[in-house]
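What follows is a set of notes on a single structure, which appears directly below.
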Amino acid sequence: MQRDSSLDPFRARRARIAATLQAAGGGIAIVPTAPERQRNADSDHPYRHGSDFHYLTGFGEPGAWLVVEADGHTTLLCRPKDAEREIWDGFRLGPDAAPSVLGVNEAFPLDRLDEVMVGKLGGQPAVWQPAATPGLQAQLDGWLERVRAKARQGIEAPRTLHDLGPVLAEMRLFKDAGEIATMRRAAAISAGAHVRAMRFCAARFRQDANAGVPEYEIEAELLHEFRRHGAEGPAYGSIVAAGANACVLHYAAGRTELKAGELCLIDAGCELDGYASDITRTFPADGRFTPAQRELYDIVAAAQRAAIDATRPGARQRDAHAAAVSVLAQGMLDTGLLDRAKVGDVDAAIESSAYRAFYMHGTGHWIGRDVHDVGDYLSAGEAPVEQPDWQGGRVVKKPSRKLEPGMVVTIEPGLYVRPAEGVPERYWNIGIRIEDDAVVTAGGCELISRGAPVDAAEIEALMSDAP
Ligand code: GLY
Ligand code: MN
Ligand code: MN
């Protein structure tokens with residue numbers, strides 16, 4: 001039979017798990033996929049595989065388990081073929097076809113789960129499982145109890161339990177060329193969706209300057225663009241925030257009407273072949289920034305440039321945040337958002353966390369199969385050091401992790417101005433965030449989401465050219 005090279009990444013990942021077990025003295029790793037989730041009555045939420053499971057198998061059906069043994073032997077448990085259920089719910093791979101299609105050594109139907117697990121756990125020195133999986137420990141305890149009951153037959157039960165989560169997280173943190181290619185495509189589709197939304201708004205306000213464009217209509221443009229390019233759908237709930245709604249960080253697209261003169265903040269990205277993208281753009285509804293909007297927008301854009309410059313191998317993941325905060329805090333003082341007489345200079349504004357009145361979130365996170373992807377943010381090999389905490393105090397913890405090529409991060413500074421005494425009124429209700437996805441490269445980082453413009457003049461040009 002011809003070898004299917006598309007299975008190679010999955011084979012290689014399973015082999016790395018086996019090597020980890022081997023190096024730790026042997027054992028068995030058990031990884032279930034995600035459960036199906038009931039929405040109500042007999043309707044389920046759309047099914048989404050478990051990220052770890054899919055990373056190791058490429059298999060997207062519910063009701064599946066992977067077992068990896070230290071000698072490299074791999075076993076899949078999956079739903080059996082079922083002519084009746086396949087009429088209602090669609091194709092099932094089934095255990096007979098699974099070994100050749102997925103490259104595992106053997107496969108069993110799901111109704112043999114308990115028997116297969118009890119059989120495989122017997123005689124193993126250790127079990128590795130993703131500990132954060134709800135319910136898995138209880139299921140494993142049941143299997144282990146049954147293995148322990150076989151002691152008189154000379155069958156030993158595993159004595160050590162290990163968390164497989166950190167092993168998988170460390171592997172997933174470094175994306176291979178195939179993963180980066182997929183993330184590049186996901187980001188390109190999402191960038192196209194942001195451009196589509198900008199053009200859509202420009203056209204609507206050109207037709208009717210007094211129009212009100214509901215957030216849900218803009219969201220529909222994004223979804224259309226995601227699906228027409230083959231993405232599964234949004235990687236997270238799309239934020240489409242008209243005007244003041246942009247100051248609600250996790251606002252979901254609702255029914256508010258976007259009006260001329262307001263900003264529209266869109267934080268939306270598609271999931272493609274199991275990989276997320278995460279892009280935010282903020283643009284003027286009618287294609288022209290007001291002077292106040294433009295002042296703040298340019299500060300956020302400059303903060304993002306500083307954070308991008310700080311995103312390179314050897315820099316710490318947190319350096320991008322420090323770089324962004326420095327530019328944002330200076331901008332807050334220059335515009336009078338922060339009162340110099342009360343707050344002091346930029347160092348004082350940072351030291352006291354005064355800047356958090358207008359910038360209260362981090363500047364980036366790992367992104368990959370999950371939009372907030374797995375991976376340690378702290379440097380495992382370094383001793384704890386005293387450092388600033390979030391509230392203007394001090395904390396002792398490990399330093400932020402150093403960036404390395406193959407990691408993918410978001411870079412997403414923002415400014416959010418709620419009406420308040422002492423805050424210049426011209427900035428009230430302006431919320432701005434700019435977010436891109438960056439692959440750390442040997443020489444710095446590559447932004448893979450720049451198919452949608454960031455520069456204010458470029459956004460205005462795009463919107464004025466919109467058909
Ligand atoms: N869209 C979620 C985030 O930006 O982290
Ligand atoms: Mn993000
Ligand atoms: Mn986002």
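In segment 170-183 there is no residue that is open to solvent by 70 Å² or more (accessible area, probe 1.4 Å), under 30 Å from L66 (Cβ atoms), in contact (Cβ under 8 Å) with a residue 12 or more places away in the chain and part of a loop (DSSP other than H, G, I, E, B). Pairs meeting the criteria (first residue in segment 423-447 and under 24 Å from A341 (Cα atoms), second residue in a loop (DSSP other than H, G, I, E, B) and among the small types (G, A, S), beta carbons under 9 Å, at least 6 apart or on different chains) are V423/G336; P424/G336; Y427/G336; W428/A420. Residues in segment 411-452 that are among the hydroxyl-bearing types (S, T, Y) and within 16 Å of ligand 2 (Cβ to nearest atom) were compared, and the one that is farthest from L265 (Cα to Cα) is S449. When segment 192-211 is filtered for residues that are open to solvent by 20 Å² or more (accessible area, probe 1.4 Å) and of a type in the set (A, V, I, L, M), the ones remaining, listed by number, are A203, A209.
Listed by first and then second residue, the pairs with beta-carbon distance under 9 Å, at least 6 apart or on different chains, first residue in segment 372-384 and more than 21 Å from R394 (Cα to Cα) and away from ligand 3 (no atom under 16 Å from the Cβ), second of a type in the set (A, V, I, L, M, F, W, C) and part of a loop (DSSP other than H, G, I, E, B), are G375/F174; G375/M407. Given the criteria more than 25 Å from the chain's Cα centre (by Cα) and not aliphatic (A, V, I, L, M), does P134 qualify? Answer is no for this residue. Would you confirm whether any residue within segment 392-401 is among the aliphatic types (A, V, I, L, M) and either in contact with a Leu (Cβ under 8 Å, 6 or more places away or on another chain) or more than 30 Å from P130 (Cβ to Cβ) (or both)? No, segment 392-401 contains no residue that is among the aliphatic types (A, V, I, L, M) and either in contact with a Leu (Cβ under 8 Å, 6 or more places away or on another chain) or more than 30 Å from P130 (Cβ to Cβ) (or both). Among residues belonging to segment 415-427 that are assigned to a loop (DSSP other than H, G, I, E, B), over 33 Å from the mean Cα position of the chain (by Cα) and not hydrophobic (A, V, I, L, M, F, W, C), point out the one that is nearest to ligand 3 (Cβ to nearest atom). That would be P424.
Which residue, of G381, G431, is modelled with pLDDT under 95 and at negative phi? Result: G381 is the single residue among G381, G431 that is modelled with pLDDT under 95 and at negative phi.
If you go through segment 356-385 and keep only what is among the charged types (D, E, K, R) and open to solvent by 70 Å² or more (accessible area, probe 1.4 Å), you end up with just D376.
Filtered by the rule that a residue be more than 26 Å from V409 (Cα to Cα), surrounded by 14 or more Cβ atoms within 10 Å (Cβ to Cβ) and not charged (D, E, K, R), segment 335-351 gives T335, L337, L338, V343, G344, V346, A348, A349. In this structure, does A315 turn out to be surrounded by 15 or more Cβ atoms within 10 Å (Cβ to Cβ) and under 23 Å from I432 (Cα atoms)? Here the answer is no, as A315 does not meet what is asked.
The set of residues in segment 424-467 that are open to solvent by 50 Å² or more (accessible area, probe 1.4 Å) and within 18 Å of A177 (Cβ to Cβ) comprises A442, G443, E446. Of all residues in segment 264-303, those satisfying the criterion of being open to solvent by less than 10 Å² (accessible area, probe 1.4 Å) and either touching a His at 6+ places or on another chain (Cβ under 7 Å) or among the β-branched types (V, I, T) (or both) are I266, G274, I279, T280, R281, T282, V300.
Of all residues in segment 316-352, those satisfying the criterion of being modelled with pLDDT of 95 or more and in a loop (DSSP other than H, G, I, E, B) are Q317, R318, G336, L337, L338, D339, G344, D345.
Taking segment 132-162 as the range and being open to solvent by 70 Å² or more (accessible area, probe 1.4 Å) and assigned to a strand (DSSP E or B) as the test, only L161 passes. Note on segment 36-131: enclosed helices (runs of 4 or more DSSP H) holding 1 or more residues that are under 28 Å from D373 (Cα atoms) and not acidic (D, E) are 51-57, 98-102.
Is one or more of the residues making up segment 397-414 part of a strand (DSSP E or B), of a type in the set (K, R) and more than 16 Å from ligand 1 (Cβ to nearest atom)? Checking segment 397-414: at least one residue is part of a strand (DSSP E or B), of a type in the set (K, R) and more than 16 Å from ligand 1 (Cβ to nearest atom).
The values are calculated or read from the model by the stated rules, or taken from the named source; none is laboratory data. All values derive from a computational prediction rather than experimental measurement. Note that each Cβ is placed from the backbone with ideal geometry, even for glycine, and that neighbours are counted across all protein chains shown. Just so you know, the surface numbers come from the protein's heavy atoms only, side chains and all, with ligands and any DNA or RNA stripped out. Shrake-Rupley method; radii C 1.70, N 1.55, O 1.52, S 1.80 Å.
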